[in-house]
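Here is the structure we will look at.
The values are calculated or read from the model by the stated rules, or taken from the named source; none is laboratory data. Keep in mind the model is a prediction, meaning the values are calculated, not measured. Glycine also receives a Cβ, built like all others from the backbone with ideal geometry; neighbour counts cover every protein chain displayed.
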Amino acid sequence: MTKFAHELVTGDTLDPLSFTVTPEWNQQYCYAQEDFDPRYLAGRDAGSAEVHPTLLLSMSAYTKSPSFRLAPGTGSIMGEQSCTFLSPAAVGKRLDVTFHVVATYEKRDRRFEVVESTVTDEDGTLILRRESHLTFGSNE
Amino acid sequence: MIDDATPLGTTFDGPVRRMSIERLLAFSGGRFSEPGWPARNLHTDAAKAAEAGLARPIASGLQPQGHIIRLMLDLSGEAWSRAGSIRLRFRRPVYVGDSIRARARLTDRTADSQAIVYTLEVWSERQDGEIAVTGSATCRIQKAGEQEERH
């Protein structure tokens with residue numbers, strides 16, 4: 001994918017992303033959100049700690065795709081977002097993210113792209129499905 | 001926790017969260033372990049924010065979203081991680097130094113043989129009373145003794 005982000009059209013796919021959350025990285029998000037629920041720290045019932053939901057959201061933003069490219073002098077703006085949590089993600093497991101442009105539309109003279117992201121873990125369990133409505137602005 | 005006895009219209013408040021630069025750096029500055037941390041962007045750096053026409057660094061919209069999700073977890077428990085949905089619009093910026101609070105109001109409750117689906121209006125309110133983020137959340141909570149049929 002060589003297009004700039006604002007040039008994407010329905011059907012375009014950005015390169016997928018894989019990552020594995022470490023306990024330290026997870027705790028960084030706990031600190032950022034002032035959310036030290038034990039489920040994110042040591043796990044419960046001898047299970048693995050769960051990945052903090054904002055870390056999942058952060059890494060499933062399409063700006064995280066290896067092929068995401070902003071045109072010089074532009075920035076992306078998220079106008080609307082929907083997401084569904086389908087299963088907890090475990091710290092230490094590989095997570096795979098896909099990014100698909102599923103629609104584009106115009107509203108108030110702005111062009112929006114609707115990007116669907118899914119997060120699946122290394123066992124094939126669907127963790128999160130997310131749809132973001134993004135538009136672009138000039139930084140100049 | 002919400003349950004089938006919670007009256008429609010009941011409101012719930014999360015704690016007030018101050019969006020300090022330390023919290024923004026932790027959220028948007030990249031991993032602490034990365035060389036050159038923190039990444040400089042409009043969430044973490046005053047000069048980068050100014051380049052984008054902002055008076056101060058702006059919090060990622062995912063931060064107030066995360067506070068709303070935390071409130072939903074408190075209200076719906078384990079069910080949220082397996083059957084929680086949220087739809088949000090980002091209406092006004094949250095800047096470094098602002099304080100925000102996640103809030104929710106129970107608006108609907110429907111039941112089938114296995115579960116109750118709760119719908120809540122959700123929003124994030126700044127210290128000046130302005131709404132930064134608004135939307136709705138739903139969560140499907142299994143009735144006691146019922147097993148979800150997964151396909």
Candidate set from region A:84-105 (those that are among the small types (Gly, Ala, Ser) and in a loop (DSSP other than H, G, I, E, B)); member that is nearest to the other protein chains (Cβ to nearest Cβ): A:87
Can you tell me which residue within region A:67-83, out of those that are in contact with a Gly (Cβ under 7 Å, 6 or more places away or on another chain) and hydrophobic (A, V, I, L, M, F, W, C), is nearest to the other protein chains (Cβ to nearest Cβ)? A:78
For region A:60-81, does any single residue satisfy the condition of being more than 19 Å from residue B:88 (Cα to Cα), touching a helix residue (DSSP H, G or I) at 6+ places or on another chain (Cβ under 8 Å) and part of a strand (DSSP E or B)? yes
Residue in region B:89-114 that is nearest to the chain's Cα centre (by Cα), counting only those that are within 14 Å of chain A (Cβ to nearest Cβ), part of a strand (DSSP E or B) and surrounded by 20 or more Cβ atoms within 10 Å (Cβ to Cβ): B:102
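Among the listed residues B:24, B:8, B:73, identify the single one that is of a type in the set (A, V, I, L, M), at pLDDT 95 or above and in contact with a strand residue (DSSP E or B) (Cβ under 7 Å, 6 or more places away or on another chain).
B:8
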Per the list (1) more than 19 Å from residue A:133 (Cα to Cα); (2) within 12 Å of the chain's Cα centre (by Cα); (3) not in a strand (DSSP E or B), residue check on residue B:80 breaks on (2)
Taking the condition of being touching a Gly at 6+ places or on another chain (Cβ under 8 Å) and either farther than 19 Å from residue A:34 by Cα or of a type outside the set (D, E, K, R) (or both), how many residues in region B:74-93 meet it? 6
Region B:69-82: number of residues that are within 7 Å of chain A (Cβ to nearest Cβ) and within 18 Å of residue B:13 (Cα to Cα): 3
Residues of region A:56-99 that turn out to be more than 13 Å from residue A:17 (Cβ to Cβ) and either in contact (Cβ under 8 Å) with a residue 24 or more places away in the chain or of a type in the set (D, E, K, R) (or both), as a count: 25
Give the number of residues within region B:9-68 that are assigned to a strand (DSSP E or B), at the interface with chain A (Cβ under 9 Å from one of its Cβ atoms) and either under 20 Å from residue A:57 (Cα atoms) or touching a Gly at 6+ places or on another chain (Cβ under 6 Å) (or both). 1
